[in-house]
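The next block holds one structure in the form of structure tokens; read it before the comments.
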């Protein structure tokens with residue numbers, strides 16, 4: 001079976017009809033807020049973005065596929081905020097008009113874990129958010145968001161817990177035996193071929209390639225699951241200067257999606273040059 005592996009692109013957006021977009025206010029179809037969450041035993045704070053959509057609307061995963069704007073945050077106005085780690089719930093693969101996108105219908109609860117700069121003190125979130133929502137047209141949503149993350153808050157939020165429970169499987173949970181990658185030089189960049197030895201994830205497997213550097217364009221990728229064998233997929237990586245460049249095993253992230261499941265592969269076990 002032929003597998004199309006989707007790749008992350010720089011803010012790909014299906015351009016809406018200007019008149020329709022002008023008449024539609026995002027507040028009519030999307031309720032966007034921050035859930036303040038709770039302080040965990042390790043001193044970090046678990047909070048979440050919640051996007052509730054009207055029927056028929058969708059929003060996007062961090063790698064949206066053929067179109068869409070994933071959530072982007074500017075945290076620069078926040079106080080006592082160090083590192084932020086997102087815990088993405090398993091997305092849905094959606095097809096509309098021959099375009100394959102990856103995202104969420106009805107609701108997205110996106111947990112994020114904040115490491116305070118000063119452990120034990122409150123965190124004040126003051127963020128600017130950009131995301132895309134789509135139905136028959138696509139609308140960019142730009143919204144200021146704020147929340148106080150109290151160090152005294154210890155009661156977990158059930159909506160956030162449910163989102164955390166729907167995360168992709170780890171390589172250990174999915175039974176991934178190995179991920180070997182080969183790096184080949186192209187005239188304008190590099191090609192990465194990955195062989196993933198793992199049990200079948202679902203009936204229609206899709207593989208998503210990502211790379212650490214967001215300025216690098218990643219092609220759609222193609223591949224095959226070898227009968228009773230591994231997934232064999234490849235993608236081309238082209239930097240802004242259109243020149244070959246170094247790619248390390250830990251620079252590559254792959255996600256295998258299928259049958260409502262996902263497997264998060266945070267890097268290649270090995271990377272050899274062809």
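Are any residues in the range 225-274 in contact with a helix residue (DSSP H, G or I) (Cβ under 7 Å, 6 or more places away or on another chain), in a strand (DSSP E or B) and under 24 Å from residue 90 (Cα atoms), and if so, which ones?
263, 265
In the range 25-34, is there at least one residue being surrounded by fewer than 16 Cβ atoms within 10 Å (Cβ to Cβ), assigned to a loop (DSSP other than H, G, I, E, B) and at pLDDT below 90?
The answer is yes; a qualifying residue exists.
Check residue 199 against each of (1) touching a helix residue (DSSP H, G or I) at 6+ places or on another chain (Cβ under 9 Å); (2) part of a strand (DSSP E or B) and name the one condition it does not meet.
Failed condition: (2).
Let me confirm something: among 95, 118, which residue is assigned by TED's automatic domain parsing to the domain that holds residue 44 and more than 18 Å from residue 63 (Cβ to Cβ)?
118
Would you pick out the residues in the range 140-158 that are farther than 21 Å from residue 81 by Cβ and within 19 Å of the chain's Cα centre (by Cα)?
140, 141
Exactly one of these conditions fails for residue 121: (1) more than 12 Å from the chain's Cα centre (by Cα); (2) part of a strand (DSSP E or B); (3) at pLDDT 95 or above. Give me its number.
Of (1) more than 12 Å from the chain's Cα centre (by Cα); (2) part of a strand (DSSP E or B); (3) at pLDDT 95 or above, only one is false for residue 121: (2).
Condition check ((1) within 24 Å of residue 253 (Cβ to Cβ); (2) out of contact with any helix residue (DSSP H, G or I) (no Cβ under 9 Å at 6 or more places or on another chain)) across all residues:
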site	(1), (2)
50	no, no
55	no, yes
60	yes, yes
84	yes, yes
89	yes, no
101	yes, yes
104	yes, yes
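Given the criteria modelled with pLDDT under 95, touching a strand residue (DSSP E or B) at 6+ places or on another chain (Cβ under 8 Å), closer than 11 Å to residue 114 by Cα and in a strand (DSSP E or B), does residue 37 qualify?
No; evaluated as a whole, the condition is false for this residue.
When the residues of the range 131-172 are narrowed to those that are part of a helix (DSSP H, G or I) and either in contact (Cβ under 8 Å) with a residue 12 or more places away in the chain or touching a helix residue (DSSP H, G or I) at 6+ places or on another chain (Cβ under 8 Å) (or both), which ends up farthest from residue 75 (Cα to Cα)?
Residue satisfying both the conditions and the ranking: 171.
Would you pick out the residues in the range 77-93 that are surrounded by fewer than 18 Cβ atoms within 10 Å (Cβ to Cβ), in a strand (DSSP E or B) and without any contact (Cβ under 8 Å) to a residue 60 or more places away in the chain?
79, 82, 83, 84, 85, 86
The values are calculated or read from the model by the stated rules, or taken from the named source; none is laboratory data. The structure presented is a predicted model; accordingly, all values stated were derived computationally and were not measured. Positions of Cβ are backbone-derived with ideal geometry, glycine not excepted, and every protein chain shown enters the neighbour counts.
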